Amino acid sequence: MRAEAGSEIHESALELIGETPLVRLSRLEPDLRTPLVAKVEFLNPGGSVKDRPALAMIEAAERDGALRPGGTLVEPTSGNTGLGLAMVGALRGYKVIAVMPDKMSREKIDTLRAFGAEVVVCPTAVPPDSPRSYYRVADRLTEEIDGAFQPNQYFNAANPEAHYRTTGPELWRQSGGRLTHLVAGVGTGGTISGVGEYIKEQNPSIQVVGADPEGSIYSGGEAHPYRVEGIGEDFWPDSLHRGVIDRYITVSDRDSFLMARRLVATEGLFAGGSTGTALHAAVQVARELDDPDAIVATIFPDGGRPYVSKVFNDSWMREHGYLVPGGRRTVGELHRAKADGAPILTVGSHDQVGRALELMREHGVSQVPVVSSEDERAFIGTVSERGLLWASAEHPGILGEPVTEVLESPLPELSVDDPADDAVRLLRDEAPAVIVVDHGRPLGVLTAVDLVEALNR
């Protein structure tokens, strides 16, 4: 229920969902003749466009009787839908379990837990129908938990319907009905389907363009892993209405991440990697048009803060080949100067906490990096002595749980070609250690003591 007329006091955070602004992007590409505008969805209270379908799916389930008071919401999610569900669940008394692939950022996991959600991490590099995939794990939990309901954004009609009822009309009104092109990332398909259907009803000549990461099947390529989060897929969900989309543009991880970094540097809008995907494609469409009478709109689905340790971390970007390294003395030289030359110690994301403790005790180290159980080159976090102490004090018996229950932020990664000053800066700024990698292959860990010895040897 809305506050009384004339009052500017909202009754809850749910009333803040929607009516996000439309912003002209004039500094990103100053020579662009086609006007480019963006709907800034990360200004929703939960931080993303997914607040809209999260509320809509819960309300539909309440009306249908599929979700009852005190029930549990279980959702396979890349993070943002889980956050939206957790926000609504916190206000309406539902428990939320977010089942996520292990490529998602640590910031997303921490934010979900801050909202009171339980997080279950599953391997990314398995087929969708594998019993270990986050889709099937979510299905199993829904079946096993009494009173559980899975909104399932991929197959829930309330997902695109939410955007047809709200996002589409807002965009049409805010653009003054002058919109000619919509470019949006395609994940579940809910946003582009709902918005696209509404604006095409207003003007059938409007072109709808899907921005798709390399490795997704939507644009016709072969499915393979990619690093952009929240968009693309390796199957066709029902929430994607294929007939709405006129064409796709495929965008690489590198172009997505560099565009997201350019956006904040030029327009002051701090958005995530999937925003970079959509924006890169939107700029391409605007350049092809070269028409000052057209208007190309795109949608910024979420903010940049969940990706600070990745897209906006220079070391991570260099290591994965997205930034050119520089400097004279290198991290590789420091690593080669280490006295022990010991190989890197890791635990897998599905190992038990006790295994991490054994490694720390056996090798006399204070932290152990955690890698994806499906890809030993993908570092997803760290287990530390201090973290184990706090976890053991709060939850005796934690040693038998998966290491994801005590996961801390990943150690920073540096390439062997990175300047040594980067390692010094990171360790000086209280990073406990850094991981040294060579073309994606982990070589070892450098601590502050290692650097002191190496720099003086």
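Quick notes on this structure:
- Total residues in segment 389-412 satisfying the condition of being crowded, with 22+ Cβ neighbours inside 10 Å and either aromatic (Phe, Trp, Tyr) or more than 21 Å from Cys122 (Cβ to Cβ) (or both): the figure is 2.
- When segment 65-81 is filtered for residues that are assigned to a strand (DSSP E or B) and buried (at least 24 other Cβ atoms within 10 Å of the Cβ), the ones remaining, listed by number, are Leu73, Val74, Glu75, Pro76.
- In segment 13-36, residue farthest from Phe270 (Cα to Cα) [restricted to those that are aliphatic (A, V, I, L, M) and assigned to a loop (DSSP other than H, G, I, E, B)]: Leu32
- Assessment of segment 78-95 against the conditions (in the same structural domain as Ala138 (by TED's automatic domain parsing) and charged (D, E, K, R)) yields at least one matching residue.
- Some residue of segment 351-364 being surrounded by 13 or more Cβ atoms within 10 Å (Cβ to Cβ), within 29 Å of the chain's Cα centre (by Cα) and not in a helix (DSSP H, G or I): yes
- Residue under evaluation Pro131, criteria (1) touching a residue at least 12 places away in the same chain (Cβ under 8 Å); (2) out of contact with any Leu (no Cβ under 8 Å at 6 or more places or on another chain), criterion not met: (1)
- Which listed residue is of a type outside the set (Phe, Trp, Tyr) and under 30 Å from Ser175 (Cα atoms), from Glu62, Glu19: Glu19
- Selected residue [surrounded by fewer than 21 Cβ atoms within 10 Å (Cβ to Cβ), within 30 Å of Ala378 (Cα to Cα) and in contact (Cβ under 8 Å) with a residue 12 or more places away in the chain] from Gly215, Gly147, Gly210, Gly189: Gly215
- Residues of segment 160-215 satisfying the condition of being among the hydroxyl-bearing types (Ser, Thr, Tyr) and more than 17 Å from Ser78 (Cβ to Cβ): Tyr164, Thr166, Thr167, Ser175, Thr180, Ser193, Tyr198, Ser205
- When Lys103, Lys108, Lys39 are screened for being in a loop (DSSP other than H, G, I, E, B), touching a Pro at 6+ places or on another chain (Cβ under 8 Å) and either within 20 Å of Tyr307 (Cβ to Cβ) or not hydroxyl-bearing (Ser, Thr, Tyr) (or both), only Lys103 passes.
The values are calculated or read from the model by the stated rules, or taken from the named source; none is laboratory data. From a predicted model like this one, the values you see are computed outputs, not experimental measurements. As a convention, Cβ positions derive from the backbone with ideal geometry for all residues, glycine included, and neighbour counts pool all protein chains shown.
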